[in-house]
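Undergrad: My questions will all concern the structure given below.
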Amino acid sequence: MKKIGVLTGGGDCPGLNAVIRAVVRKSIQYDWEIIGIKNGWKGLINGEMELLTDYSVSGILPKGGTIIGTSRTNPFKNEGDVKKIVKNIEKFGIDAIVAIGGDDTLGVASKLNKMGIPVVGVPKTIDNDLSYTDYTFGFDTAVSIVTEAIDRLHTTAESHHRVMILEVMGRHAGWIATMSGIAGGADEILIPEVPFDMGEVCKYLTERHARGKKFSIVVVAEGAMPKKEDLTAAQTTQGDNTAHASGESTLITKTDTIDEFGHVQLGGIGNFLAKEIERRMNVETRFTSLGHVQRGGTPTAHDRVLATRFGVAAVELIKNGDFGKMVALQGNKIVPVNIEDAVAERKTVDMELYNIAKVFFGR
């Protein structure tokens, strides 16, 4: 009998439980024992484990979040933590690990695999910015949630003749903003890949209002950034209540915190846009940040199926001894790719797709 450890790391997202369920069910077919490692890499450091059975995963397919918990823990920040991981793998008799997470979690998995620890990866990020896979589970659910929010904002924006700013997730890549913006009929879509010109944004919105459209919807990814001259002007006008983080192409608030992987907690670009648009256009403007609402709740059918396929494929990698690999969706096939390659380069928005969006917002 093999003992397989499974963990979820980084931010939660819809579909994690579907992967866990699939890993458990497929492993049972091989008469393997499944150990749930609690709270990501933190659980492997602290020895927090629980046995997962067919009963444990019964009914969790439509449930959001993760039944084994998660954390943003980087064991390579402390040499002692890596030693604890090695010790606990031996202590609990774990033969292989299924690591479900984004580039940070899988980056750790890749390093551990190079140390000789058998690891396979499952890609998870609602930002959809992992390379070598067309889509990650959770992304479709997030896009659906944001699209519904845009639909709802349309009615209140039109009623009050306002410009409504919707800030969505997307630290380095604007996939959610682009896809939901197209689906929801947004009038402007601003993403990290393309620094925006406040003058152009306001010019188009003004022209739109002049044509009789007395309201507008602007969707902006949290990591989007204005051109430097716009930021400088805004800081002067607003009393420097925004800050530009070193190494981060984004606006952040001054109260931001940094996680163990060096990521700044984002938030503030929506407020910046609302103030600038209202100041420049003299039009009533409001902003909404969906934040963690995008991560919560029931996964879509698409994400449930994709997550299930990923979980089954991950167990097959272990059976075949194909470690250091991540399962990936390419076309309609699930294929193995090197984890190291998948985390080496971020997958940003396809500019052909963004150009399609631009047809509808005039720039």
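Undergrad: With respect to Thr147, is the statement that it is under 25 Å from Thr300 (Cβ atoms), of a type in the set (S, T, N, Q) and not assigned by TED's automatic domain parsing to the domain that holds Ala173 true?
TA: no
Undergrad: While we're here: Return yes when Val108 is outside any loop (DSSP other than H, G, I, E, B) and modelled with pLDDT of 95 or more and no when it is not.
TA: no
Undergrad: Here is a further query. Looking at Met169, is it closer than 30 Å to Val312 by Cβ and either surrounded by fewer than 24 Cβ atoms within 10 Å (Cβ to Cβ) or in the same structural domain as Val305 (by TED's automatic domain parsing) (or both)?
TA: So Met169 fails the test.
Undergrad: Sort out which residues of region 317-363 are closer than 19 Å to Leu306 by Cβ and touching a Pro at 6+ places or on another chain (Cβ under 8 Å), and write them in order of number.
TA: Within region 317-363, Leu317, Lys325, Met326, Val327, Ala328, Ala342 qualify.
Undergrad: Continuing with this model, one more query. Suppose the filter is assigned by TED's automatic domain parsing to the domain that holds Gly184 and either touching a residue at least 40 places away in the same chain (Cβ under 8 Å) or surrounded by 24 or more Cβ atoms within 10 Å (Cβ to Cβ) (or both); does Ala157 pass it? Don't jump to the end; show me each part of the working.
TA: On the way: assigned by TED's automatic domain parsing to the domain that holds Gly184: yes; either touching a residue at least 40 places away in the same chain (Cβ under 8 Å) or surrounded by 24 or more Cβ atoms within 10 Å (Cβ to Cβ) (or both): yes.
So Ala157 passes the test.
Undergrad: Just checking, does region 42-56 include any residue being touching a strand residue (DSSP E or B) at 6+ places or on another chain (Cβ under 6 Å), among the acidic types (Asp, Glu) and under 14 Å from Val6 (Cβ atoms)?
TA: Looking through region 42-56, at least one residue is touching a strand residue (DSSP E or B) at 6+ places or on another chain (Cβ under 6 Å), among the acidic types (Asp, Glu) and under 14 Å from Val6 (Cβ atoms).
Undergrad: Take Val19 and decide whether it is assigned by TED's automatic domain parsing to the domain that holds Ile318 and at pLDDT 95 or above.
TA: Yes.
Undergrad: Would you call Gly59 surrounded by fewer than 18 Cβ atoms within 10 Å (Cβ to Cβ), assigned by TED's automatic domain parsing to the domain that holds Asn128, assigned to a loop (DSSP other than H, G, I, E, B) and in contact with a Lys or Arg (Cβ under 7 Å, 6 or more places away or on another chain)?
TA: Spelling it out, it is not the case that Gly59 is surrounded by fewer than 18 Cβ atoms within 10 Å (Cβ to Cβ), assigned by TED's automatic domain parsing to the domain that holds Asn128, assigned to a loop (DSSP other than H, G, I, E, B) and in contact with a Lys or Arg (Cβ under 7 Å, 6 or more places away or on another chain).
Undergrad: Just for region 334-349: of the residues that are of a type in the set (Asp, Glu) and farther than 13 Å from Pro123 by Cβ, which one is surrounded by the fewest Cβ atoms within 10 Å (Cβ to Cβ)?
TA: Only one residue tops the list, namely Glu345.
Undergrad: Being crowded, with 21+ Cβ neighbours inside 10 Å, on the phi < 0 side of the Ramachandran plot and not charged (D, E, K, R) narrows it down to one of Val82, Val86, Val98, so name that one.
TA: Val98
For (1) charged (D, E, K, R); (2) touching a strand residue (DSSP E or B) at 6+ places or on another chain (Cβ under 6 Å); (3) at pLDDT 95 or above; (4) under 28 Å from Met281 (Cα atoms), each residue gets a yes or a no:
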position: Gly116; (1), (2), (3), (4): no, no, no, no
position: Ala157; (1), (2), (3), (4): no, yes, no, yes
position: Pro195; (1), (2), (3), (4): no, no, no, yes
position: Glu200; (1), (2), (3), (4): yes, no, no, yes
position: Glu207; (1), (2), (3), (4): yes, no, no, yes
position: Ala210; (1), (2), (3), (4): no, no, no, yes
position: Lys214; (1), (2), (3), (4): yes, no, no, yes
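Undergrad: Based on this model, can you work out whether His154 counts as more than 28 Å from Cys13 (Cα to Cα) and either assigned to a loop (DSSP other than H, G, I, E, B) or over 23 Å from the mean Cα position of the chain (by Cα) (or both)?
TA: no
Undergrad: Right, something else. Select from region 304-319 the residues that are under 18 Å from Cys13 (Cα atoms) and crowded, with 20+ Cβ neighbours inside 10 Å and list them in ascending order.
TA: Residues satisfying the conditions are Arg304, Leu306, Ala307, Thr308, Phe310, Gly311.
Undergrad: Restricting region 201-230 to residues that are β-branched (Val, Ile, Thr) and assigned to a helix (DSSP H, G or I), which is nearest to the chain's Cα centre (by Cα)?
TA: Among those residues, the one meeting the criterion is Val201.
The values are calculated or read from the model by the stated rules, or taken from the named source; none is laboratory data. Here the structure is a predicted model, which means the values were calculated and not measured. We place every Cβ from the backbone using ideal geometry, glycine too, and count neighbours over all the protein chains shown.
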